[in-house]
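Input: a single structure, listed below in structure tokens.
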Amino acid sequence: MHKRNLFIIIFSLLSVAAESQIYDPVSWDFGYEKKGDNLYELIFTATIDKGYHIYSMNISEGGPIPTTIRFDTVNTCSFDGKAFEVTKPEEIFDEAFGFKIKTFSDKAEFRQKVMSESPFTVTGEVNFMACNNVTCTPPKDVEFKIRVSDNPEVQAIVKDETNSASERVTSGKGLLGFFLIAMLAGLAGILTPCVFPLIPLTVAFFSQGSENKGKTFLKVFIFGISIILIYSLLGIIVSLTSAGAGFATTLSTHWIPNIIFFTLFIVFAISFFGAFEIVLPNR
């Protein structure tokens, strides 16, 4: 009976998570403008939430993901050059990457010149990444479909109905999918040279005194939940303060905090498991 109730609770939580969506601070509008005989400009406009920014199409190597526009093969029109930025980007120093990067805030407009003698439809995807001073959203692809005609009533910038708010929400990956990807990536991290040799050591340590299964299970549970709480606490601190992503990088790579954490871990392990042996002696 208890197992059945537990299964119902877990299934309900997963259902709620599957319906929830990853927060997207950027919305896109797509349209076009006639510039001359058989000459048009496709228009891509990003509306960015306050506090966030997206990156320029021209980013130095080793930086974040630039904003890019990919077009599907179109036989009814020809492209004149490459997509270009209309809005002037702001160049700021990014602490996470260690150099100045061109970004857009509030709004950003991109265009692409095309030529055609007849009405046509252009489809493709916009790929971008949005960040604030603390964190970044996962890179995202937004599909677009722009129908171009000579009708004077629709020559102004027209919002493509395929990019409505409801469709933007349903096209995003659910929180459950993102969680599963993150979990698989974490499992893949076990295969790295610095982690893999520790697996048998960890298993051997917790297998000591395995005749007392309750004690072994409690040790493993406390060990696992402690790792979750430590990393979650660090993430919460970085998110709620202005420390920025560079703080987390320094915290995990600099030798001083690593020595402090190692010393605290040794002291905690000795004191904790020493007390554990007193409270729960081997039978």
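The values are calculated or read from the model by the stated rules, or taken from the named source; none is laboratory data. As the structure is a prediction and not an experimental result, all values here were calculated from the model. We place every Cβ from the backbone using ideal geometry, glycine too, and count neighbours over all the protein chains shown.
Out of F30, F11, F93, which single residue is modelled with pLDDT under 80 and of a type outside the set (D, E, K, R)? Criteria check complete, one pass: F11.
So in segment 72-91, with the set limited to residues that are of a type in the set (D, E, K, R) and touching a residue at least 12 places away in the same chain (Cβ under 8 Å), which one is nearest to R111 (Cα to Cα)?
Within segment 72-91, the first condition is being of a type in the set (D, E, K, R), and the residues that meet it are 72, 80, 82, 85, 88, 90-91.
Then drop every residue that is not touching a residue at least 12 places away in the same chain (Cβ under 8 Å), which leaves 72, 80, 82, 85, 90-91.
Working: D72: 16, D80: 11, K82: 9, E85: 7, E90: 18, E91: 20 Å.
Filtering segment 72-91 for residues that are of a type in the set (D, E, K, R) and touching a residue at least 12 places away in the same chain (Cβ under 8 Å), the one nearest to R111 (Cα to Cα) comes out as E85.
Against the condition closer than 26 Å to A182 by Cα, at pLDDT 75 or above and not assigned by TED's automatic domain parsing to the domain that holds C131, how does S226 come out, does it pass?
Values: closer than 26 Å to A182 by Cα: yes; at pLDDT 75 or above: yes; not assigned by TED's automatic domain parsing to the domain that holds C131: yes.
Spelling it out, S226 is indeed closer than 26 Å to A182 by Cα, at pLDDT 75 or above and not assigned by TED's automatic domain parsing to the domain that holds C131.
Considering each residue of segment 82-101 in turn, none proves to be of a type in the set (S, T, Y), loosely packed, with under 15 Cβ neighbours inside 10 Å and over 23 Å from the mean Cα position of the chain (by Cα). Can you list the strands (runs of 3 or more DSSP E) found entirely within segment 26-88 that contain at least 3 residues being closer than 22 Å to S116 by Cα? Those strands (runs of 3 or more DSSP E) span 26-36, 39-48, 68-71, 78-85. Considering only residues in segment 14-25 that are outside any loop (DSSP other than H, G, I, E, B) and surrounded by 14 or more Cβ atoms within 10 Å (Cβ to Cβ), the one that is modelled with the highest pLDDT turns out to be Q21.
The criterion of being over 19 Å from the mean Cα position of the chain (by Cα) and touching a residue at least 60 places away in the same chain (Cβ under 8 Å) holds for N38.
In segment 186-203, the residues that are among the aliphatic types (A, V, I, L, M) form Cβ pairs under 9 Å with partners that are modelled with pLDDT of 75 or more, at six or more places apart or across chains, as follows: I190/I199.
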